[in-house]
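The values are calculated or read from the model by the stated rules, or taken from the named source; none is laboratory data. Remember, predicted model here, so these are calculated numbers, not experimental data. Cβ placement follows ideal geometry from the backbone for every residue including glycine, while neighbour counts extend to all protein chains displayed. For accessibility, only protein heavy atoms count, side chains too; no ligands or nucleic acids. Shrake-Rupley method; radii C 1.70, N 1.55, O 1.52, S 1.80 Å.
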Amino acid sequence: MELAKARAEGRFPPTQAPGHDLRAIAEDYRRLLSLNEARGTAPREDWNKMSNVVDLTLRITQEIRARDKVAAEKTEAERVKSHVTNMMSGVSAEAKLYSIVQHAVTYAMNNGSSDQAALSCRSEHSSQF
């Protein structure tokens, strides 16, 4: 709650990490405690004059952005992997269907089924005329 409030008030850098990422929350809370300790009791308007607070804020912001970038890249990689997997399963299903049809056609041709069907169709049509 304190972390969310600090972010909402602009006292702590924002993140793209989801709210259920406990590791990110724990890391950021630890960082917030460090930042609060560095700020001490100084009023907010003095924080930008305190080089240790400015440096710490900058470092924390860079770390959070780096973490968010890695998470975004991982998410994108998972999305691409899922997409490729779905495409490959579709290709696999098509290949299986083609194999089944090919087997059926081969079986029919080897057993004369296609010829017999064609001949019976011809004889039925020619007897009608």
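Quick notes
- Of all accessible heavy-atom area on the stretch 1-77, the percent that carbon and sulfur account for (1.4 Å): 57 percent
- For the chain, the longest principal axis of the Cα atoms and the long axis of helix 113-128 meet at an angle of about 60 degrees.
- Phi-based couplings in Hz for the stretch 23-31 (Karplus 6.51, -1.76, 1.60; Gly and Pro marked x): 5, 5, 4, 5, 4, 5, 5, 4, 5
- The slack between GLN16 and GLN102, meaning 0.36 nm per residue of separation minus the straight C-alpha distance, is 25.8 nm.
- Measuring r between the beta carbons of TYR29 and ARG79 and using R0 = 25 Å, the FRET efficiency lands at 0.30.
- With a Förster radius of 22 Å applied to the beta-carbon distance between ASN48 and GLU2, the computed FRET efficiency rounds to 0.50.
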